[in-house]
Amino acid sequence: MALYLLYESSSGYALFQAQGLDEIGQNTEAVRNSVADLNRFGKVVQLTAFQPFESAIDGLNQCNSVSEGLMTDELRSFLELNLPKVKEGKKSKFSLGVAEPKLGSHISETMKITCQSGEFVLELLRGVRLHFDKFIKDLKPGDLEKAQLGLAHSYSRAKVKFNVNRVDNMVIQAIFLLDTLDKDINSFSMRVREWYSWHFPELVKIVNDNYLYARVAKLIEDKSKLSEEHIPALTEILGDEDKAKETVEAGKASMGQDLTPVDLINVQLFAQRVMDLAEYRKNLYDYLVTKMNDIAPNLASLIGEVVGARLISHAGSLTNLAKCPSSTLQILGAEKALFRALKTRGNTPKYGLIFHSSFIGRASAKNKGRMARYLANKCSIASRIDCFAERGTTVFGEKLREQVEERLEFYDKGVAPRKNIDVMKSAIETTQNKDVEMEEAQPVEASAKKSKKKKSKSEDAPAEAAKGDALEDAKSEKKKDKRKKEQGHGAEEMNGINGDVAEQDGTAKKKKKKSKDEVAAASETKKKRKSKE
């Protein structure tokens with residue numbers, strides 16, 4: 001049986017035919033020894049066809065398809081043109097060697113071609129990869145390396161690309177920073193208390209909160225200057241007028257030592273830094289809540305933003321958390337206790353990070369393990385919905401939370417909870433109804449925009465009409481003026497023409513009269529001459 005080799009290079013698809021395999025005996029060691037020598041390997045493997053990629057984008061698409069085990073239309077047409085045709089209902093008299101087993105199974109299912117990707121085929125493809133530039137004559141030195149580098153960069157860049165709004169790495173960094181800030185703010189606040197207590201020791205018993213203590217220390221500064229004028233400001237900070245008055249009275253009778261202005265300034269600066277850190281911690285918590293609602297809305301609505309972020313951080317990513325079974329998610333964060341229990345053959349832990357959820361605390365002591373197992377089951381479902389769903393929604397998380405509440409009531413009062421299938425059906429129906437409402441709302445918004453445009457056009461129409469009427473009036477007046485002027489000129493011209501004609505008639509009449517008089521005078525003179533004679 002003839003063997004063809006499909007090699008996916010960075011510049012295109014290549015098809016090779018392996019000959020003389022009976023002489024080698026399909027021994028991998030013999031092939032491995034012949035790979036290094038081009039003369040020996042060239043006798044066994046020969047190039048049949050080569051189809052270059054049209055562009056770098058086409059090469060990237062082909063590479064992505066091959067890595068996913070899919071056969072593209074270009075690859076199928078390339079194989080159909082260059083491989084021997086297989087008659088329907090008969091097996092192929094050749095086999096195709098490929099490097100990717102998934103791609104081979106897809107080719108065999110689609111084209112009914114026997115594919116193999118064993119160690120022997122991989123060794124042959126390794127030799128093809130080693131001497132590929134020698135088989136293709138038109139390749140210039142360095143072209144193959146440039147194509148490999150460009151394709152590697154574009155392939156890696158495409159794999160790294162993700163949805164910016166669903167970056168779980170930001171949640172991991174935020175929860176780490178939140179834990180670090182909690183520790184740092186706690187230690188810094190204790191330092192402020194200890195430092196300022198040398199000056200005003202009675203304030204520690206009055207103000208217990210670290211953040212409020214730093215604000216009060218920043219406000220008071222020197223206890224000797226503390227008076228009743230500070231009561232409104234202290235009341236605004238502490239929220240209790242009695243505590244404010246107690247602080248003022250304690251400042252008047254304080255047993256603390258006096259500090260120099262330089263020491264007080266340093267205390268005030270450090271208290272301000274602690275206040276800034278506390279404010280930043282609040283902003284960071286708000287940021288974490290918003291990111292969790294974008295990345296894992298169902299998990300956040302089920303178990304809370306902080307606990308959900310801790311689970312994602314401990315698993316490494318939302319995808320890894322979705323891959324974890326519920327039994328692993330239940331003890332996530334209690335690995336030391338688990339391995340200690342396995343080593344000493346003791347009781348394994350019942351819960352890990354999910355112990356911080358309020359559901360575990362609300363359950364009774366004998367039901368904590370059951371509640372942890374049930375909650376881990378629902379968290380696993382919520383994380384998988386968040387990871388693989390196309391649209392983010394909190395409907396499933398809210399329904400799962402209702403199920404956990406019902407299970408708590410079942411453990412306490414014996415009320416039978418709803419079945420999971422019924423709850424999921426109702427959740428799917430609500431999501432479908434929301435999608436329908438969203439689709440209906442879009443045309444309504446478009447029609448509202450169109451109506452607004454029509455209204456604006458109708459409102460603008462009278463003004464435009466008035467402007468148009470005014471322009472038309474002005475134009476008509478101008479036209480009338482022009483007509484009057486033209487008529488005036490025409491009348492003048494007509495008058496002139498008539499005058500010329502009248503003058504011409506007058507001169508003609510005068511000439512006629514003159515001619516008649518001359519004829520009469522001439523006839524009279526002739527008569528007189530005759531009578532004289």
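The values are calculated or read from the model by the stated rules, or taken from the named source; none is laboratory data. Everything numeric in this text was worked out from a predicted model, so none of it was measured. FYI the Cβ positions are ideal-geometry reconstructions off the backbone, even for glycines, and counts take in every protein chain you see. Note: areas computed on protein heavy atoms with side chains; ligands, DNA, RNA excluded. Shrake-Rupley method; radii C 1.70, N 1.55, O 1.52, S 1.80 Å.
Looking at residue 33, is it modelled with pLDDT under 90, surrounded by fewer than 15 Cβ atoms within 10 Å (Cβ to Cβ), in the same structural domain as residue 138 (by the TED database) and not aromatic (Phe, Trp, Tyr)?
Here the answer is yes, as residue 33 does meet what is asked.
Out of everything in region 249-263 that is hydrophobic (A, V, I, L, M, F, W, C) and either closer than 15 Å to residue 205 by Cβ or modelled with pLDDT of 90 or more (or both), what residue ends up being most open to solvent (accessible area, probe 1.4 Å)? Can you show your working first?
Taking region 249-263 first, the residues hydrophobic (A, V, I, L, M, F, W, C) are 250, 253, 255, 259, 262.
Right, trim to either closer than 15 Å to residue 205 by Cβ or modelled with pLDDT of 90 or more (or both) and you get 250, 253, 255, 262.
Details: 250: 18, 253: 73, 255: 162, 262: 94 Å².
By that ranking, first place goes to 255.
Counting only residues that are among the basic types (Lys, Arg) and free of Cβ contacts under 8 Å to residues at least 40 places away in the same chain, how many does region 355-372 have?
Counting residues in region 355-372 that are among the basic types (Lys, Arg) and free of Cβ contacts under 8 Å to residues at least 40 places away in the same chain gives 2.
Given (1) surrounded by fewer than 19 Cβ atoms within 10 Å (Cβ to Cβ); (2) outside any helix (DSSP H, G or I), identify the lone condition not met by residue 351.
(1)
State the number of residues belonging to region 195-227 that are of a type in the set (A, V, I, L, M), open to solvent by 10 Å² or more (accessible area, probe 1.4 Å) and in contact (Cβ under 8 Å) with a residue 40 or more places away in the chain.
Counting residues in region 195-227 that are of a type in the set (A, V, I, L, M), open to solvent by 10 Å² or more (accessible area, probe 1.4 Å) and in contact (Cβ under 8 Å) with a residue 40 or more places away in the chain gives 1.
Taking region 38-70, which residues are closer than 23 Å to residue 135 by Cβ and within 31 Å of the chain's Cα centre (by Cα)?
Result: 53, 54, 55, 56, 58, 59, 62, 63, 66.
Could you check region 173-191 and list, in sequence order, the residues that are in contact with a Lys or Arg (Cβ under 9 Å, 6 or more places away or on another chain) and open to solvent by less than 50 Å² (accessible area, probe 1.4 Å)?
Within region 173-191, 174, 175, 178, 179, 181, 185 qualify.
Is it the case, given these coordinates, that residue 418 is of a type outside the set (Val, Ile, Thr) and in contact (Cβ under 8 Å) with a residue 24 or more places away in the chain?
No; evaluated as a whole, the condition is false for this residue.
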